[in-house]
Structures are given as structure tokens and as C-alpha cells.
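Here's the structure, in C-alpha cells; my notes come after.
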Amino acid sequence: MKWNELPDEACPVARAMSVIGDRWTLLVLRDCLLGIRKFDQLQADLGITRHVLAERLKKLESAGLLERRPYQERPTRFEYRPTQAARDFVPVMQVLIGWAEAHIPSDKTPPYRMVSRATRAPIAPRVVDAITGEEITYQSVWAERSED
């Protein structure tokens with residue numbers, strides 16, 4: 001399947017990848033969720049070219065993950081605020097971080113430490129089924145083909 005056909009796919013993984021499937025898009029989204037909202041700040045933090053950053057911001061805005069709001073007039077400058085759809089992505093990002101820390105270790109100290117807002121204690125993400133409370137793992141779930 002071609003990249004531009006992914007948004008129309010029945011597969012939810014393909015549709016998600018059509019939005020966040022490259023490293024820059026995901027890192028831009030991460031930074032916006034962490035409170036970095038202005039173009040120049042995003043560029044400085046990521047070390048990304050202006051052209052690529054502008055493309056990724058437009059992509060995230062058109063996908064409904066970021067909302068562009070003016071914060072300055074003359075010249076007009078914008079900040080990029082996460083929408084509810086982006087905020088709903090936070091648990092996915094936390095699980096991705098946990099997976100990377102477990103399976104792609106680094107000797108470097110991570111730039112951020114994810115903690116509970118309530119207790120400030122480090123978090124340990126896991127995914128559970130909202131219906132049964134069972135942890136979702138490779139052994140606990142199975143994909144059945146849908147019948148049309």
C-alpha cells in the first residue's frame with residue numbers, strides 16, 4: 001500500500017501511521033505535549049529544519065492533533081496547542097517510552113522523567129483492558145479477522 005493511501009485504510013495501525021509515522025512528526029507532537037509550543041522553540045529543541053518543522057506542524061494541525069493560535073501581532077506569530085486528540089495520545093507515548101527504556105537502553109540520561117502529577121513519583125505505564133482489567137500482553141490477546 002502507498003503512503004498516501006494509509007488514511008483510508010481499514011486497519012487502525014495504518015491510519016495512525018499516516019499521521020504519526022515518521023520520527024519528526026512524533027517528536028514535534030511530544031514537544032507540544034510537553035509544553036513547547038512556539039515554532040522557534042520547537043526548532044531549537046529538535047534541531048529540525050524550518051521547512052520540515054512547518055510541514056510536520058501543518059500535518060498535525062490538519063489531522064486534528066494541534067491547534068494553531070496567534071500569540072503575537074505584527075508580525076503575527078502562532079503557537080501550537082495540543083487538542084483533545086493529542087492529549088488522548090499521551091498514554092500511547094508513555095507506553096512507547098517504557099518500551100524503549102526496556103528494549104532500547106541508552107547510557108545517556110533521558111531529557112525528561114515522567115512522573116505522576118499527584119505524587120511526583122515515577123510512573124510505570126502498562127496497558128489494561130477497560131472491561132476486564134486484564135493486562136494486555138502478547139499472551140493475553142489475539143486478533144481475529146473481522147467478517148464483512
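Compute the angle between helix 23-33 and the longest alpha-carbon principal axis of the chain, please, reported from 0 to 90 degrees and rounded to the nearest 10.
Compared with the principal axis, the helix lies near 80 degrees.
Using only Cα atoms, what Kirkwood radius does the range 29-87 have, in angstroms? Could the numbers behind the result be given before it?
Details: mean 1/r = 0.0872 Å⁻¹.
Answer for the range 29-87: a Kirkwood hydrodynamic radius of 11.5 Å.
Tell me the mean residue ellipticity at 222 nm calculated for the chain from its helices only (DSSP H runs of n ≥ 4, each -39500 (n - 2.57), averaged over every residue, nearest 500). Can you show the working numbers first?
Working: 6 runs with 59 residues, N = 148.
Calculated mean residue ellipticity at 222 nm is -11500 deg cm²/dmol.
With everything on Cα atoms, drop me the angle between helix 90-103 and the longest principal axis of the chain, reported from 0 to 90° to the nearest 10.
Taking Cα atoms only, the helix is inclined about 70 degrees.
Kindly state, as a whole number, the per residue volume in cubic angstrom of the convex hull around the alpha carbon atoms of the range 2-62. Intermediate results must be reported in sequence, preceding the final value.
Working: hull volume 5.1 nm³, N = 61.
Enclosed volume per residue, from the Cα hull, is 83 Å³.
For every other residue with a beta carbon closer than 14 angstrom to the beta carbon of L57, add +1 if it is Lys or Arg and -1 if Asp or Glu, then tell me the sum. Present the calculation step by step, with values, prior to reporting the outcome.
Details: positive: R30, R37, K38, R50, R56, K58, K59, R68, R69, R77, R81; negative: D22, D31, D40, D45, E55, E61, E67, E79.
It works out to a net charge of +3.
Which Rg and Dmax, in Å, describe the Cα atoms of the range 60-102?
According to the Cα coordinates of the range 60-102, Rg and Dmax are 14.4, 47 Å.
Can you order the peptides 117-123, 66-72 by their average number of other Cβ atoms within 10 Å per residue, highest first?
Values: 117-123: 8.4, 66-72: 13.6.
Per-residue Cβ counts within 10 Å, averaged per peptide and sorted highest first, yield 66-72, 117-123.
Let me know the Kirkwood hydrodynamic radius for the chain, please, with Cα pairs as the basis and the value in Å to one decimal. Kindly include the intermediate steps, with their values, before the conclusion.
Numbers: mean 1/r = 0.0564 Å⁻¹.
Answer for the chain: a Kirkwood hydrodynamic radius of 17.7 Å.
If packing is taken as the mean number of other Cβ atoms within 10 Å per residue, what is the order of 14-25, 105-116, highest first?
The densest-packed peptide leads the list: 14-25, 105-116.
What residues of the range 129-148 lie in the reach of a label at H103, counting those whose backbone N is under 13 Å from a point 7 Å from the Cα along Cα→Cβ?
Answer for this model: 137-139.
Sequence gap of 8 or more, or different chains, plus Cα separation below 26 Å: how many lysine pairs satisfy both in the chain? Please list the in-between numbers first.
Details: K2/K58; K2/K59; K38/K58; K38/K59.
Going through the chain pair by pair, I get 4.
Note down the magnitude of the dipole of the range 69-128 about its Cα centre, charges +1 on Lys and Arg C-beta and -1 on Asp and Glu C-beta and zero elsewhere, to the nearest 20 debye.
Values: 10 positive and 5 negative charges, 50 e Å.
Roughly 240 debye for the range 69-128.
Compute the angle between helix 50-62 and the longest alpha-carbon principal axis of the chain, please, reported from 0 to 90 degrees and rounded to the nearest 10.
Roughly 60 degrees between the two axes.
Only the coordinates and a few stated rules stand behind these numbers; no lab work does. What you see is a predicted model; the values in this text were computed from it and never measured. Glycine gets a Cβ as well: all are built from the backbone with ideal geometry, and neighbour counts include every protein chain shown.
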